[in-house]
Structure formats: C-alpha cells, structure tokens
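Have a look at the structure below, then the notes.
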Amino acid sequence: MVIKNKIKIYVIDTSAILSGIPINFNDAEMVTTSCISMELKPGGKDYRNFQYLIEKGLSIISPSKKSIEIVISKSNKTGDKDRLSKADIDVLALAVDMKLDDKKNAIILTDDYSIQNVADALDIKIENFGQPKITKRFKWGCRCLGCRKKFHENIKICPICGAATKEIISSGEDIKKRK
Ligand SMILES: [Zn+2]
C-alpha cells in the first residue's frame, strides 16, 4: 500500500483543541465533528482556539451512521465504550469514514487513551502530543472485591458473590509486537 501520495487528514478531538497547541497543518487537511464544539465552553479560550482552527481550514463533518455503529461495536469489544463521550465516538467514526477513502490517510490527533485504544483496534493511525502514546492495547474488565473473580465485561456487582467490583485492565497486548 502506497501512502506517500495520499492526502493526510488529521481528525481532531477535544483533547487536541484543549491542549492549545499551535496546530500547523500546511501539509494536511483537518477535520472534526460538530459534537466537539459542544464540549467547549462558548467564549472561552478553548472555543477561541477552535474558531481559529476553523479559520485555518478545519472542516466540520458528520460521521456516517454505519461508522458510528462500527465504533460502538468495537469499543464494546475493547471495553472502552463507557469511557467514550458522544464526541469521542463521532471522532472515531469520522476517521473510519476517512479511512474508507483510498486517497486519504486518516490520522486521529488525540491524547485520550480510550480513543487511542479503539483507534488501534480499528487499525486507524493516531498521533498525540503531551502524553506518551499507548504501547499496549488495553482490554478493560473488572475484578470482584469479594471473591476476586475477574470479568472481561464491565460488571458493577459480582454475579457470584454479590460484592462490588473494581475496574482493572484485564489484558494488554503489545502494539509494537503485534504489528
Ligand atoms: Zn464475587
């Protein structure tokens, strides 16, 4: 697969805007979803940064319903579903849409670990700033505080002994080794 001639598309999430980094994309296009603007307080510094990015060519696109479903089903499998906001899901779904276009090389710009985790599971590239990139793909689960049994799903109350559970990372697959 030749990606050299593809147009680089940065799919920007809320964390990218909140970081306030001066985003300079002369070599790439920027897209985001309308949900992002709802996570920003109108009139604030972050909202101004968002307006600035729009002036610089940030496009607002709605993801397809089909891609939203793909993201929801994948995040259910990785255990990230409850960690993703509507805006997070839309950002991931938009990247899924962009990835379907052969001429585009979609990259999600985010510092959010759950977005990174689901993006990796969907085989979507990510770039981040600030935080180190995740090196393991997590699978969230929980452990019973009573009988210590581990569950792969996010269960609040243990079905065996009735005690409360605690969220844990049930497995971590090394991303670099896997590829
Ligand atoms: Zn138990």
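The values are calculated or read from the model by the stated rules, or taken from the named source; none is laboratory data. Computed from a predicted structure; not experimentally measured. Here the Cβ positions follow ideal geometry from the backbone for every residue, glycine too, while neighbour counts run over all protein chains shown.
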Is it the case that S19 is under 18 Å from E127 (Cβ atoms), among the hydroxyl-bearing types (S, T, Y) and at pLDDT below 80?
-> yes
Pick from region 133-149 the residues that are closer than 17 Å to D80 by Cα and either within 16 Å of the ligand (Cβ to nearest atom) or among the acidic types (D, E) (or both): which of them is modelled with the highest pLDDT?
-> R143
